[in-house]
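No value in this document is a laboratory result; all are computed from the given coordinates. Please read all numbers here as calculations on a predicted model, not as lab measurements. Backbone-built Cβ (ideal geometry, glycine too); neighbour counts: all protein chains shown.
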Amino acid sequence: MESFSLYILTAFALVFVIEGLIYALFPDSVRKMMAMAIQMPSEKLRLFGLVMAATGFGLVWLLQAW
């Protein structure tokens, strides 16, 4: 179980690295995307989040099966 916890913490750390790079490299684009997100209805944002989560889960499952 200890190695599973390490994998989860590593995954969170990689999310921070990727998000930090996006903010550092494309700050103006991130602001535009945030402004567009504010204008979107909640249902559309929720659907986008669910699709992204399902895609990520599917990719992890495929990588583990491979």
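Taking Cα atoms only, the orientation of helix 2-25 departs from the longest principal axis of the chain by about 30 degrees. Between 39, 5, 51, the Cα set farthest toward the positive side of the dipole of the chain (charges on each charged residue's Cβ, about the Cα centre) is that of 39. Debye calculation, C-alpha points only, no solvent: report log10 I(q)/I(0) for the chain at q = 0.15 Å⁻¹, in the same order as the q values. Each listed q corresponds, in turn, to -0.72. The charge dipole of the chain, taken about its Cα centre with unit charges on the Cβ atoms of Lys, Arg (+1), Asp and Glu (-1) only, comes to about 240 debye. Only helices enter this figure: runs of n ≥ 4 DSSP H residues, each worth -39500 (n - 2.57), summed and divided by the residues of the chain, yield -32000 deg cm²/dmol at 222 nm to the nearest 500.
Using the alpha-carbon atoms, what tilt in degrees (0 to 90, nearest 10) does helix 42-65 show relative to the longest principal axis of the chain? Long axis of 42-65 versus the principal axis of the chain: about 30 degrees.
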